[in-house]
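The values are calculated or read from the model by the stated rules, or taken from the named source; none is laboratory data. On a predicted model such as this, the values are computed, not experimentally measured, just so you know. All Cβ positions, even for glycine, are placed from backbone atoms using ideal geometry, and neighbour counts span all protein chains on display.
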Amino acid sequence: MGARMARQHAVITVGLTRLGENSLARNVDILVQTSQPAEATVRFAATQSLHAQFMLIDTIYYAYVSKHYQNSKRRILDSRSLLAEYKRRFMNSTHN
C-alpha cells in the first residue's frame, strides 16, 4: 500500500526485496533484489541478512541525499506529511 501511495504522489520509490516476483517488485521504480541465503534450520532471527540490507539502504540513501541535498530536504518534509496520511488511513482501516 505504501509503494502504491507513493507512486500516486509521483514519488520515486526504491524497493529492497527478495528475488522473484512480488507486490513490492511490481510497485517500485527502482528495484534491488537480494538472494535468499542458506539459513540454519533452527534460528531465531535473520540478523545477518537484515543487517546487510539495512547497511545497503543506508549507503544508497546517504549517497543520494549528499548529492541532492536541497531537493532531498524538501522531499523529506513532503514525505512526513504523506506518512502521516498513510498512518491515518491505516489506523482507520484497522479500527473499522
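Looking only at segment 10-27, which residues are exposed (fewer than 14 other Cβ atoms within 10 Å of the Cβ), modelled with pLDDT of 85 or more, in a loop (DSSP other than H, G, I, E, B) and of a type outside the set (Gly, Ala, Ser)? If the condition is that a residue be exposed (fewer than 14 other Cβ atoms within 10 Å of the Cβ), modelled with pLDDT of 85 or more, in a loop (DSSP other than H, G, I, E, B) and of a type outside the set (Gly, Ala, Ser), then 12, 21, 22 are the ones that fit.
Residues being part of a helix (DSSP H, G or I) and more than 22 Å from residue 8 (Cα to Cα): count how many of those fall in segment 66-93. Full working, then the answer.
So the first thing to find is which residues in segment 66-93 are part of a helix (DSSP H, G or I), and the list is 66-67, 69-93.
Retained after the next criterion (residues that are more than 22 Å from residue 8 (Cα to Cα)): 66-67, 69-70.
Result for segment 66-93: 4.
Going through segment 46-86 one residue at a time, which ones are loosely packed, with under 13 Cβ neighbours inside 10 Å and of a type in the set (S, T, N, Q)? Within segment 46-86, 47, 48, 59, 66, 70, 71, 81 qualify. One residue stands out among those in segment 76-91 that are under 15 Å from the mean Cα position of the chain (by Cα) and not β-branched (Val, Ile, Thr): the one that is farthest from residue 2 (Cα to Cα), which is 80.
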